[in-house]
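Here's the structure, in structure tokens; my notes come after.
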Amino acid sequence: RNYSSDRITATLFPGDGIGPEIAESVKQVFNAAEVPIEWEEHFVGTEVDPRTQSFLTWESLESVRRNKVGLKGPMATPIGKGHRSLNLTLRKELNLYANVRPCYSLPGYKTRYDDVVRGVVESLKIITRQASLRVAEYAFYYAKTHGRERVSAVHKANIMQKTDGLFLKCCREVAEKYPEIKYEEVVIDNCCMMLVKNPTLFDVLVMPNLYGDIISDLCAGLIGGLGLTPSLNIGEGGIALAEAVHGSAPDIAGKNLANPTALLLSAVSMLHHLDLTEKADKIQDAVLKTIAEGKYRTGDLGGTSTTTEFTKAIIDHL
Ligand code: ATP
Ligand code: MG
């Protein structure tokens with residue numbers, strides 16, 4: 001993993017749309033904070049690589065496998081036949097089985113709620129016994145190692161009896177191994193209502209992929225939108241690939257308008273994964289201070305700053 005004893009190599013996919021702009025922001029902030037990381041940059045190819053059957057090159061996947069850690073910008077899959085979706089390729093080839101999406105209120109940025117502090121969404125793609133046990137195991141492990149008290153499994157097992165029923169059965173099995181963590185089950189429609197009425201009711205939520213995709217956008221809305229929410233993909237063999245929850249935002253791409261916070265906070269979770277706690281805290285503090293101060297904010301948070309102005313303000317707060 002290391003170039004030398006004190007520098008860590010990490011894979012960076014700047015991605016599409018606003019990806020290159022927000023990845024540039026991360027690179028600048030990391031440089032200014034003197035984070036000991038060498039980026040190995042990989043770009044989505046212009047042709048299908050027969051070895052991956054997608055526009056992602058074999059070399060880029062090998063880079064993540066070798067480094068075991070990376071940061072990924074949003075990727076828009078080109079439309080056409082004969083290739084796999086970029087995100088699906090990554091998920092399959094790297095066995096990314098859990099996606100951790102923390103969601104908490106940012107101090108100083110006023111929304112309907114001030115205290116959304118507990119929710120974490122995790123998800124997996126396919127309902128098999130093995131995949132369900134693995135993600136449930138990760139949810140409880142996460143709760144335990146992060147001092148959380150409760151895991152709620154979100155489902156629609158009353159209607160989707162086979163698939164969601166199996167998912168719940170697996171969650172219950174794992175719950176028994178963690179008697180110190182409270183376990184409950186919530187039907188997804190009721191969960192949506194409860195999240196909007198009182199988001200502090202929940203702690204850690206675990207659910208299948210499609211529900212996680214929807215619920216995490218709802219949670220993003222509670223705290224100020226998609227420009228703010230980070231995520232971390234956990235893969236087999238200890239791979240950690242951080243990425244923002246949002247997509248490539250083609251409507252604002254190339255205009256220096258994107259909010260880099262979601263990718264920056266994703267990069268911060270990557271630093272925590274690497275135990276670079278001091279650098280992680282330093283960068284997170286600078287981001288939160290900049291937003292709280294309110295002088296420099298991007299358009300999605302009601303400000304008029306460009307991506308580069310906002311980034312510079314963060315660097316000034318380091
Ligand atoms: P995907 O299909 O990849 O999930 P999507 O259709 O959900 O993509 P996004 O690309 O996530 O769409 O964008 C949704 C909206 O949120 C767009 O209006 C976009 O401009 C806005 N948005 C997303 N990310 C950011 C960001 N980092 N900064 C500012 N606005 C953003
Ligand atoms: Mg989306």
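Figures for the structure shown
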{"read-out": "Members of the stretch 295-318 found to be closer than 10 Å to Leu257 by Cβ and touching a Leu at 6+ places or on another chain (Cβ under 8 Å), listed by number", "value": "Thr298, Gly299, Asp300, Thr306, Thr307"}
{"read-out": "Single condition Arg118 does not satisfy, out of (1) more than 17 Å from the chain's Cα centre (by Cα); (2) at negative phi", "value": "(1)"}
{"read-out": "Residues (surrounded by fewer than 18 Cβ atoms within 10 Å (Cβ to Cβ), of a type outside the set (A, V, I, L, M) and away from ligand 1 (no atom under 11 Å from the Cβ)) located in the stretch 202-253", "value": "Asn209, Glu236, Gly237, Gly238"}
{"read-out": "Residue match in the stretch 64-85 (condition: of a type in the set (Ser, Thr, Tyr) and in contact with a strand residue (DSSP E or B) (Cβ under 6 Å, 6 or more places away or on another chain))", "value": "no"}
{"read-out": "Residue, farthest from Ile252 (Cα to Cα), within the stretch 5-33, restricted to residues that are assigned to a loop (DSSP other than H, G, I, E, B) and touching a residue at least 24 places away in the same chain (Cβ under 8 Å)", "value": "Asp6"}
{"read-out": "Counted residues, the stretch 252-287 - those being in a loop (DSSP other than H, G, I, E, B), small (Gly, Ala, Ser) and within 16 Å of ligand 2 (Cβ to nearest atom)", "value": "2"}
{"read-out": "Hey, Arg65 modelled with pLDDT of 95 or more and of a type in the set (Lys, Arg) or not", "value": "yes"}
{"read-out": "Residue list for the stretch 61-88, filter: closer than 24 Å to His272 by Cβ and either surrounded by fewer than 18 Cβ atoms within 10 Å (Cβ to Cβ) or of a type in the set (S, T, N, Q) (or both)", "value": "Ser63, Arg65, Arg66, Asn67, Asn87"}
{"read-out": "Hits in the stretch 68-104 (condition: charged (D, E, K, R), under 19 Å from Asp16 (Cβ atoms) and at pLDDT 95 or above)", "value": "Lys72"}
{"read-out": "Residues that are among the charged types (D, E, K, R), surrounded by fewer than 18 Cβ atoms within 10 Å (Cβ to Cβ) and under 19 Å from Pro20 (Cβ atoms), drawn from the stretch 254-302", "value": "Lys255"}
{"read-out": "Conditions (1) within 13 Å of Val100 (Cα to Cα); (2) more than 15 Å from ligand 1 (Cβ to nearest atom); (3) among the aliphatic types (A, V, I, L, M): number failed by Leu274", "value": "(1)"}
{"read-out": "Qualifying positions in the stretch 142-169 - within 24 Å of the chain's Cα centre (by Cα), assigned to a helix (DSSP H, G or I) and in contact (Cβ under 8 Å) with a residue 24 or more places away in the chain", "value": "Tyr142, Ala143, Lys144, Asp164, Phe167"}
{"read-out": "Residues of the stretch 195-235 that turn out to be among the charged types (D, E, K, R), in contact with a Ser or Thr (Cβ under 8 Å, 6 or more places away or on another chain) and within 14 Å of ligand 2 (Cβ to nearest atom), as a count", "value": "1"}
{"read-out": "Test: Lys162 is farther than 22 Å from Glu236 by Cα and of a type in the set (Lys, Arg)", "value": "yes"}
{"read-out": "Neighbours by Cβ (under 6 Å, 6+ apart or cross-chain): first from the stretch 228-240, at pLDDT below 95; second of a type in the set (D, E, K, R) and not in a strand (DSSP E or B)", "value": "Gly238/Lys68"}
{"read-out": "Residue tally, condition touching a residue at least 12 places away in the same chain (Cβ under 8 Å), part of a loop (DSSP other than H, G, I, E, B) and of a type outside the set (Gly, Ala, Ser), over the stretch 288-318", "value": "5"}
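The values are calculated or read from the model by the stated rules, or taken from the named source; none is laboratory data. Everything numeric in this text was worked out from a predicted model, so none of it was measured. Cβ sites come from the backbone with ideal geometry, for glycine too, and all protein chains shown count toward neighbours.
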